[in-house]
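The values are calculated or read from the model by the stated rules, or taken from the named source; none is laboratory data. In this text, all values refer to a predicted model and were calculated from it rather than measured experimentally. When we count neighbours, we look across all protein chains shown, and the Cβ atoms used for this are built from the backbone with ideal geometry, even at glycine. Note: areas computed on protein heavy atoms with side chains; ligands, DNA, RNA excluded. Shrake-Rupley method; radii C 1.70, N 1.55, O 1.52, S 1.80 Å.
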Amino acid sequence: MRARYYTLFDSPALPKPVQTPVPMVIGGTGRPRTPELAGRCASDFNLPFVSVRESAGLFENVRVVAGAAGRDLSTLTLSNALAVCAGRDEGRARRRAAAIGRDLFELRHDGLAGSPDEIVDKIGRYADLGTGRIYLQVLDLPDLDHLELIASNVMIQLR
């Protein structure tokens, strides 16, 4: 049996199938090896679920390693993966946090939580460190009102 194949032209799908170099995300909070690998090989260095303060130190570490290796730092995107829990008011934010089994205070420390304005402010603090991309972890997917709130009151402020 002969296999079927299709050729696509001008596909908007991302990432494109052939890219040189291949984009590579390296992430983690490992101190010696992770920054060394990211500094040499990654197109994106990602920190998963850490505070602004911890991100500052880990980003600086990877910058030092990359610079020592002669890497052009403009070719390395710094990113964070963060849980998000938004509410129009404190009570709704607390209920959303409880629904995913998390404490709102904890999420405010090492994630994005609270009102949309609070979340935008926190994203700004990450951006001040050099974060160029944030991956949002939305844990309660059936809560479509939560997604709508993030889209209409958080994302709109970041454009």
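Please report, in debye to the nearest 20, how large the charge dipole of region 1-73 is about its Cα centre when each Lys and Arg carries +1 at its beta carbon and each Asp and Glu carries -1 there. Each step should come with its number before you reach the end.
Working: 9 positive and 6 negative charges, 58 e Å.
So the magnitude is around 280 debye.
Can you pull out the chymotrypsin sites (Phe, Trp or Tyr not before Pro) in region 1-74 that DSSP calls coil and that have at most 10 other Cβ atoms within 10 Å?
Numbers: sites: Y5, Y6, F9, F45, F49, F59; in loops: Y5, Y6, F9, F49.
Answer by residue number: Y5, Y6, F9.
Which order do S55, S11, S74 take when ranked by solvent-accessible area (1.4 Å probe, heavy atoms of all protein chains), largest first?
Details: S55 0, S11 35, S74 95 Å².
Most to least solvent-accessible, the answer reads S74, S11, S55.
Choose one answer from V120, V22, V62: the residue with the largest mean-square fluctuation in a GNM of the chain with alpha-carbon springs under 10 Å.
In the Gaussian network model the winner is V22.
Return the carbon/sulfur percentage of the accessible area of region 26-159, one whole number, probe 1.4 Å, all protein chains in place.
On the way: 3780 of 6990 Å².
With neighbouring chains kept in place, the figure for region 26-159 is 54 percent.
So if the hydrodynamic radius of the chain is defined as the Kirkwood radius over C-alpha pairs, what does Stokes-Einstein give as its diffusion coefficient at 10 °C and 1.306 mPa s, in µm² per second? Walk me through the intermediate numbers first.
Details: Rh = 17.5 Å.
Using the Kirkwood radius from Cα pairs, D works out to 91 µm²/s.
Using a 7 Å offset from the Cα along the Cα-to-Cβ direction at both A98 and Q157, what is the distance between the two label points in nm, to one decimal?
Distance between label points: 2.5 nm.
Give me the net charge for the shell around R31: Cβ to Cβ below 13 angstrom, other residues only, Lys and Arg +1, Asp and Glu -1. All intermediate terms of the calculation are to be shown ahead of the outcome.
Details: positive: R33; negative: E36, E54, E60.
Once positives and negatives cancel, what remains is -2.
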